[in-house]
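Have a look at the structure below before the remarks.
The values are calculated or read from the model by the stated rules, or taken from the named source; none is laboratory data. The structure presented is a predicted model; accordingly, all values stated were derived computationally and were not measured. Every residue, glycine among them, receives a Cβ derived from its backbone with ideal geometry; neighbour counts consider all protein chains shown.
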Amino acid sequence: MIIILGGLLLITLIVFLILPKGEKLYLSLSMNKRYFSQTEKALSGSGTIANAPSNLKLTIIFKDPSGHFLKKSKKEIRVRKGEIKKFSFSYSLSDYKRETKNSVFEKGRWEIRVYINKRLIKRVIFEVKPPEEIKKMELKEILEKAVLTTAVDFGGKPLEQPKTIFLPKEKIYLSLYVLNPPSDTKITTRWIYLNQDKFISKQTLKVSETQWLVFSIDPKKYSWLPLEIWPEGRYKVEIWIEDEFIKEINFRIKK
């Protein structure tokens, strides 16, 4: 009997193998990244095996999205009875090039097959993506929250619930909660009046730590608004991080 904790796309696999005499064998296995780039130097992970009732052999082998079992990825780990053993495993891009003639790791869902004494225990699935897709995903993770509001505190945190409808005379704030950005990460906003396809403003700030970041537009500051009020209609603000489009928020001006 095998008890599995986890889902299909696993970052961590935990297996309790119930043996005929009731003994439990513990195995955990983790990939080192949530997603791997096609140009990584290696696909890698680590694990722990414990409570082995007898000497055994753990075998790990990679399978690419085209269905190739990759011989150079095969790793055998011998475990003594009762031993707690930590291990690591990896499959290098150079070995993949030699085995398949591909210049990068194949895009798609990869599989690791885990065997104990030649018995298949589990298939672990992980993904390999193009470098540009990985970069965009990492940038998206930086932006934790994006809130349109008419009031913020001294630190840039919104003082009211998010709004999507504003009065013509209101100054509009966009508060962004930025989580663990790399040093000097560039964040840009572009504000657009959709009814006339009119560009309003582009603003850029740099950030190096977790914090609230504030952008704003004020109808009193634009010469094309002599009455100092926003025209009624549809608007949007775009959020860009390091010149990558991340998201947009639509809002309306209404009396």
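Just a few scattered comments:
- Against the list (1) within 30 Å of R34 (Cβ to Cβ); (2) touching an Asp or Glu at 6+ places or on another chain (Cβ under 8 Å); (3) surrounded by fewer than 14 Cβ atoms within 10 Å (Cβ to Cβ), the condition K220 fails is (1).
- Test: residue in region 173-195 that is at pLDDT 95 or above, more than 21 Å from the chain's Cα centre (by Cα), among the polar types (S, T, N, Q) and in a helix (DSSP H, G or I): yes
- All positions within region 34-92 that are charged (D, E, K, R) and without any contact (Cβ under 8 Å) to a residue 40 or more places away in the chain: R34, K71, K72, K74, K75, E76, R78, R80, K81, E83, K85
- Qualifying residue in region 153-160 (condition: surrounded by fewer than 17 Cβ atoms within 10 Å (Cβ to Cβ), under 25 Å from the mean Cα position of the chain (by Cα) and charged (D, E, K, R)): yes
- Given (1) surrounded by 15 or more Cβ atoms within 10 Å (Cβ to Cβ); (2) assigned to a loop (DSSP other than H, G, I, E, B); (3) modelled with pLDDT under 90, index of the condition I14 fails: (2)
- Beta carbons closer than 7 Å, at least 6 apart along the sequence or on distinct chains, pair a first residue in region 222-243 that is within 21 Å of L205 (Cα to Cα) with a second that is loosely packed, with under 13 Cβ neighbours inside 10 Å for K236/N250; I239/K247.
- Residues in region 203-217 that are in a strand (DSSP E or B) and exposed (fewer than 13 other Cβ atoms within 10 Å of the Cβ): T204, K206.
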